[in-house]
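These notes are about the structure you will find just below.
No lab work stands behind these numbers, since they all come straight from the coordinates. These numbers were taken from a predicted model, which means no experiment stands behind them. In this analysis, Cβ positions are derived from the backbone assuming ideal geometry, glycine residues included, and neighbour counts consider all displayed protein chains.
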Amino acid sequence: MAPASLLDLVSALPTTDGWGPPVATETMLEGVPYAPFSKADKLGRMADWTDGKDRDRGGRQQYGGRGYRDQQVYGANQPTNPFAIQVAEEEATFSLVDNTRTSTRTRGFGRGGGTVLRGRGGRGGQAQRGGRGTFQRVGGRGGNQYDNRGGRGGRGGRRFGWRDDKPQRNRDASVQVKPDWTVLEEIDFSRLAKLNLDTGDGEDLDSYGFLYYYDRSYDKQPGAKTSERKLNVLERAAYNVTTSSDPIIQELADKDEATIFATDNILSMLMCAPKSVYSWDMVITKKGSKIFIDKRDASNLDMVTVNENATDAPLEISEGNKDSMNSPSALMLEATHINQVFPLQVVLESQTSKVNMPNEHPFYDESVETDPPASKAYKYRRFDLSLDKDDEPLHLIVRTELDAVVKNNINGEDQYLTIKALNEFDNKAQGSGGALDWRTKLATQRGAVLATEMKNNSCKLARWTVQSILAKADTMKLGFVSRANPKNNNDHVILGVLTNKPRDFATQMALSLNNGWGIVRTIVDMVSKMDDGKYVLVKDPNKPLLRLYSVPDHTFEEEVEEPQPIEEDADE
């Protein structure tokens, strides 16, 4: 039989509708999502030997180059790319070895330094007496009461690596967080910086105390030898009573004059929170619709920091600082002492020439105290924190303080002052923050000296400015006090005094009062939604964030031990 021809074999094949293999009934890409693509897209790579430098140079996009090759033009916003190759576990551990030297050196530490204070008082024997209603003895000649050991839990020490990095900061919190405290909120500083609330100038409710007139002789040319005077220690009675222990605030709260109550010292810290580096805390108590913002006994809110915001802030003893008098804790005690005695020296004490407020001093009792009261006026002022969406108005009452009064040269009217002091310890010591020598530069480069202080002490100066604005002070006097000898922190000299308008000074520092009021309103809204009780707001010692804790009602209250009955001997 003759073999079949090719034509016969083809005709024997099964017939189809067209030439080629049979058409499949299911698509091969079924289930694969659609993804936008461009000509530059690719399914992946076998290996990438580039180190990413070309892609990270910034500037213009180099189309067609190696940097453009790795960019996804279309579909860049897609959450996932179904065509991207998933990196295997072995590949994730691979890294390119780079032996090139880098010109920049990274700092191996955070900002600030741990502060642990010991003892009942501060420098110069300014012992604090009485629980929450704290009395301060301004002046005194006691010794420095502080612990030179530095931070309690600081890992400290220098890390001697191949770069010999600077020590890693590990500060302690201002208050010990107990196991029964519950974290309710964590607020990052980046969120706080975006807040804004316009409250207006506020209104005066009442004033207490008296003020002496300011001594204008201290306004001589700062830095000149003729203006240099020794800082004297005067024995005067000064008070720093917390919010809920203030009898005037208690009376205003009973009359429903406001919903929120605080002091200018506490409120200024809350309003300037994003500028703070060191840890601090405050106690917030909610009773019905009322909210009281307090400070603890021996709280560091009463302390004046030094170079807190400096790039190379002072080190604690545990962090390698060999000079104990220039540690953060010692500098805080020194600065606090200076700010207690400096306002007393620059006023003219005269019983016949002083300004009495409508009401007597709310805290001074002549039958108990032997020292005369310090020049101080307490103004209770109310601010409106209400929003358009609020059903009821939200008011805040703050106790503000003024330090002196001065006659206006033009119209002869009395102008109210707040008096603060910056202090120089040693411009060559660690932690000086690149400060200039005040004795030689203050007379000729006042602006440069003040600009350096604004950089190194932005939180402290911001708080002072906020306190002056809250009190509606006409002027803020800023003294420059330096050590008579850089190696002695007991003797100081006044180099000069600068005069500033509080609101102009706030503008110069780029300080926003509206942002501060927005922070206050945010914290108040958080607490107002919670149950009645006690809460603690703590600034994290090493991170730029705040934590709000719910704490038991008896927290920070002094426990009184009850006397135990004496057991009689069974033989008797």
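The modelled label-to-label distance between residue 472 and residue 365, using points 7 Å beyond Cα along the C-beta direction, is 3.2 nm.
For the peptides 273-282, 527-536, the ranking by mean Cβ contacts within 10 Å, running from highest to lowest, is 273-282, 527-536. Packing, as the average of other Cβ atoms within 10 Å across residues, places the peptides 301-308, 402-409, 390-397 in the order 301-308, 402-409, 390-397, highest first. Between residue 205 and residue 221, the modelled label-to-label distance comes to 4.8 nm, taking each label 7 Å out from Cα in the direction of the beta carbon. FRET efficiency for the residue 493 to residue 409 pair, using the beta carbon distance and R₀ = 30 Å, is estimated at 0.60. In this simple spin-label model, placing a label point 7 Å from the Cα along the Cα-to-Cβ direction at both residue 504 and residue 194 gives a separation of 3.6 nm.
Mean separation of Cα pairs under 8 Å and 6 or more residues apart, divided by the residue count, gives region 237-324 a relative contact order of 27 percent. Please work out whether region 210-252 counts as rounded, prolate or oblate from its C-alpha gyration tensor, where a ≥ b ≥ c are the square roots of the eigenvalues and a/c under 1.5 means rounded, while otherwise a/b larger than b/c means prolate and anything else oblate? Taking the square roots of the gyration eigenvalues as a ≥ b ≥ c, region 210-252 is prolate. Each Cα pair under 8 Å and six or more residues apart adds its sequence gap; the mean of these over the residue count of region 123-551 is a relative contact order of 27 percent.
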